[in-house]
Amino acid sequence: MSGTELNAVARAMVAPGRGILAADESTPTIKKRFDTIATESTEENRRSYREMLFTTPGAADYISGVILFDETLRQSTSDGTPFPVFLTERDIIPGIKVDKGAKALAGFPREKVTEGLDGLRERLAEYRELGARFAKWRAVIDIDADIPSDFCIGANAHALARYAALCQEAGIVPIVEPEVLMDGAHDIERCAVVTARTLERTFAELVDHRVALDGIVLKPNMVISGMNCDRQASVEEVAQATVECLTANVPAQVPGIAFLSGGQSDVDATAHLNAMNRLGPHPWELSFSYGRALQAAALGAWSGRSENYSAGQSAFALRARLNGLARTGRYEASMEFVAA
Ligand code: 13P
């Protein structure tokens, strides 16, 4: 695939008014989600839950792409259409999580590095055959009094860049996801400093690895207070701090930034995105690539019961629509109540 084609896919992933559904929970993670609704994590339950999301009427109005897990990329709708085919036919781009998870970084207690580079070239070729047009790799940076170390940030940035280069070689757009976690009692200022360090290093590695910046999508955390911080920053503060940090560290060639939700409530994630877009115009699209913030309400409404299928779809459609509005700053908190 040429650079122009990579750029076209990246731009389609962050098309105005739309965003990405992250439905790429690994088998252990989806089990954790199903445990919260007392539903067994069987292969069929996982398939059926994902089918409920993907077949939601009108989903394509607000959803540009879906990140799948390996198992899901190989599954089909109940009438036998492979999920990647079903999505592509509806103008939703299928993507694939390709990292093998964040593992303990030897010599650096409590820090992690993401694995999965071995054999990645071959896996990417197969995923492209199966219909994937973009991929995702998540690096995890934790904040505590004495971490993250520069070494941990560098090791993760290096792996992200090697992954991104392999994706582009295979004709797949890499979602580059360096996630600074919101776990902990740190304040928003500390999150801003660590996020800036992480982004700066990540882009330096991407450039060194000759990754075309107009053929990636960046998936960062927002600059936000730690979950256990005594002073929780307001929506306006989060929007200001995040836009400031991105403006200083993300080159304008990057077509789009699609945030993760990272443990924010679904309403907060929508409100933050909306406030950031109201501060625009920005050099890049500011979009969403939410997992929990798009799925929490749908998961609860479904609760593993086929009779709740349409309630689950309505909950998902509502969340997708409100985030679609937040893409252009047209979301209002009052819409939560009118719509509910
Ligand atoms: P959350 O929005 O739930 O953080 O998930 C997004 C994601 O894909 C994390 O890698």
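The table for this structure:
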| read-out | value |
| --- | --- |
| Residues in the stretch 168-205 that a label on ASP150 would reach, taking backbone N under 13 Å of a point 7 Å out along Cα→Cβ | 197-198, 201 |
| Cα-based Rg of the stretch 119-196 normalised by 2.2 N^0.38 Å, two decimals | 1.33 |
| For the chain: relative contact order, % (alpha-carbon pairs under 8 angstrom, 6 or more apart) | 19 percent |
| Zone residues, the stretch 231-245, relative to ASP187, backbone N less than 18 Å from point 7 Å out along Cα-to-Cβ | 231-242, 245 |
| Under 11 Å, Cβ to Cβ, from LEU130 - net charge with Lys/Arg +1 and Asp/Glu -1 | +1 |
| Estimated D of the stretch 125-165 in µm² per second, where Rh is the Kirkwood radius over Cα pairs and Stokes-Einstein applies at 37 °C, 0.692 mPa s | 270 µm²/s |
| Accessible-area ranking of LYS97, LYS32, LYS136, largest first, probe 1.4 Å | LYS32, LYS97, LYS136 |
| Accessible area, probe 1.4 Å, largest first, for residues MET1, MET276 | MET1, MET276 |
| Heavy-atom accessible area per residue - the stretch 86-173, 1.4 Å, Å² | 44 Å² |
| Accessible-area value, LEU130, 1.4 Å probe, nucleic acids and ligands omitted, Å² | 60 Å² |
| Exposed GluC sites (Glu not before Pro) absent: longest stretch of the chain, with sites in DSSP loops and at most 16 other Cβ within 10 Å deemed exposed | 116-331 |
| Gyration tensor verdict on the stretch 1-126 (Cα atoms; rounded if a/c is under 1.5, prolate if a/b is larger than b/c, oblate otherwise) | oblate |
| Mean-position separation - Cα centroids, the stretch 167-229 and the stretch 87-102, in angstrom | 19 Å |
| Rotationally averaged projected area of the chain (alpha carbon convex hull; nm²) | 16.0 nm² |
| Loop trypsin sites (Lys or Arg not before Pro), the stretch 193-226, which have at most 11 other Cβ atoms in a 10 Å radius of their Cβ (DSSP) | ARG210 |
| Among ALA275, LEU199, ALA241 the positive-end extreme of the charge dipole of the chain (Cβ point charges) | ALA275 |
| The chain: DSSP helices with Cα axial extent of at least 20 Å and average Kyte-Doolittle hydropathy no lower than -0.5 | 150-169, 188-208, 235-249, 309-326 |
| Computed accessible area, THR247, all protein chains, 1.4 angstrom probe, square angstrom | 80 Å² |
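The values are calculated or read from the model by the stated rules, or taken from the named source; none is laboratory data. On a predicted model such as this, the values are computed, not experimentally measured, just so you know. Heads up, the Cβs are rebuilt from the backbone with ideal geometry, glycines too, and the neighbour counts pull from every protein chain shown. Just the protein is used for accessible areas: all its heavy atoms, side chains included, with ligands, DNA and RNA removed. Shrake-Rupley method; radii C 1.70, N 1.55, O 1.52, S 1.80 Å.
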